[in-house]
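Please read the structure below before turning to the comments.
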Amino acid sequence: MEVDSVSGTISGEEGAGLGPTFNGTGCAQCHAHPAVGGSSPMINPQVALANLDGATNTVPSFITADGPVREARFIRNPDGSLDGGVHGLYTITGRTDAEGCTLQQPDFARQLANRNVIFRIPTPTFGLGLVEATPDSTLQANLAANRWIKSQLGIGGALNTSGNDGTVTRFGWKAQNKSLMIFAGEAYNVEQGVSNEAFGNERAAVAGCVYNGSPEDATKMSDNGSPTGTAAALSSDLVNFAGFMRLTAPPTPAAMSSSAKNGASLFSSVGCALCHTTTLTTGMSKFAGMSNLTYHPFSDFALHHMGSRLSDGINQGAAGPDQFRTAPLWGVGQRLFFLHDGRTSDLLQTIQAHSSSGSEANNVIRRFNSLSRSQMQDVLNFLRSL
């Protein structure tokens, strides 16, 4: 819930390292609903950040008060080569704690006109310690299970992997991040502009806009290099962010009505559960109560081709332009915006968007569409109970 300013000198904004570009000034602004650690809130805080503390930003057209929190990525660079990176909505130019910085915002209007912008919304972080504690072998075996049935429906899937050691990566919209530490470090650097021990370089470090040494967030050390003081005082923000996500409980489902119970059965019978895996089990963990624990994420954490309607043109790790990690559905009943870009608040529209040219879900959606209207409502009631 810490709020960052450029050097930590503004009252109420004691965190340091904001900018030079940023999408938010604190994690809990965006990961807010239904509680800290969740996803986009009902009122988008990014609107008010445009001119906070004297900043001179213009709110992009795709950021609205009642819309989802968004980050923007450009598909291609001006020379036509692939980009894919996050371009911060705002800069610190004009802020009272950024005297001398003249960095301008990207020309989002031009990029939108060129159809070169895609969006991502915050992913909920509840229960992610269980996901981190799940062995690669468990995810691999789960993906291989029911292979014949999956193949009959056109479902394939592949786990994204680290280019360094070949192990499974599982966090982020395209499962591009290996661990919660990396996940937190990337977000701190990309969303708030804070360099840290996982992502040590300042983004957009143009002359006149750099006010702190890097990494701006680091483990506290004594003069002789030995840690001193309490563990909480020693830890970096990065370590604590990862710890928060690691030790936060998964969402608690609501009691199911008879309609929702029927919807749960239909969810499996039409084939949704072939990707949105109901049950997984952790391995051995150093954290109490997390070893060999059965949990219910409704995800296989694998990449699947989702077709032309959802393709975003972005490559991340082994994930191609139309491949996304199966979104975990635990807690989906309390979310306000759906799909990777928050394009809809309607669960039925979300389901239908899974069907388009090249999607592995096409046959499953055909099965879903063959249900009666009341059966479809049962499935929606089941999802809203999660």
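No value in this document is a laboratory result; all are computed from the given coordinates. Just so it is clear, the model here is predicted, and its values are computed rather than measured. Quick reminder, even Gly has a Cβ in these numbers, built from the backbone with ideal geometry, and neighbours come from all protein chains shown.
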Could you tell me which trypsin sites (Lys or Arg not before Pro) in the stretch 301-349 are loop residues by DSSP with no more than 16 other beta carbons within 10 angstrom of their beta carbon? ARG309
Where in the stretch 365-386 does the label zone of SER269 land, with the point 7 angstrom along Cα→C-beta and an amide N cut-off under 14 Å? 367-379
Determine the gain in length on full extension of the stretch THR167-GLU2; use 0.36 nm per residue of separation and subtract their C-alpha separation, reporting nm with one decimal. 56.1 nm
So for the pair LEU348, ALA158, with labels modelled 7 Å out along Cα→Cβ, what separation do we get in nm? 3.7 nm
Would you calculate the separation in nanometres between label points at THR138 and ALA113, each defined as 7 Å from the Cα along the Cα-to-beta-carbon direction? 5.2 nm
Distance from the Cα centre of the stretch 80-141 to that of the stretch 311-382, in angstrom? 22 Å
How would you rank TRP148, TRP173, going from fewest to most other Cβ atoms within 10 Å of each one's own Cβ? TRP148, TRP173
Using modelled amide H (1.01 Å from N, peptide plane; none on Pro or chain starts), what sits under 5 Å from the amide H of ASP97, excluding residues fewer than 5 places away? none
For the chain, one quarter of the surface area of the C-alpha convex hull, expressed in nm², comes to 20.6 nm²
Charge dipole magnitude, Cβ of K and R +1, D and E -1 - the chain, Cα centre, debye nearest 20: 1780 debye
Residues VAL59, VAL270 in order from fewest to most other beta-carbon atoms within 10 Å are VAL59, VAL270
At ASN77 and ALA255, where each label point lies 7 Å from the Cα along Cα→Cβ, what is the point-to-point distance in nanometres? 5.9 nm
Efficiency by 1/(1 + (r/R0)^6): what FRET value for ARG147 and ALA65, r their Cβ-Cβ distance, R0 = 45 Å, to the nearest 0.05? 0.45
Place the peptides 116-129, 4-17 in order of packing, highest mean first, counting for every residue the other Cβ atoms within 10 Å and averaging per peptide. 116-129, 4-17
Per GNM of the chain with C-alpha springs under 10 angstrom, the most fluctuating residue out of LEU348, LEU159, LEU180 is LEU348
Measure up LYS220/LYS286; LYS150/LYS286; LYS150/LYS261; LYS178/LYS286 against 29 Å on the Cα-Cα distance and list the ones that go over. LYS150/LYS286
Could you give the length gained by full extension between SER374 and THR294, i.e. 0.36 nm per residue of separation minus their alpha carbon distance, to one decimal place? 25.6 nm
FRET efficiency for THR102 and ASN201, Cβ-Cβ distance as r, R0 = 25 Å, nearest 0.05? 0.75
In square nanometres, what is the average projected area of the Cα convex hull of the stretch 208-345? 14.4 nm²
Give me log10 I(q)/I(0) at q = 0.14 Å⁻¹ for the stretch 1-138, Debye formula, one equal scatterer per alpha-carbon, no solvent. -0.73
Per-residue Cβ neighbour rank within 10 angstrom, fewest leading, ASP66, ASP217: ASP66, ASP217
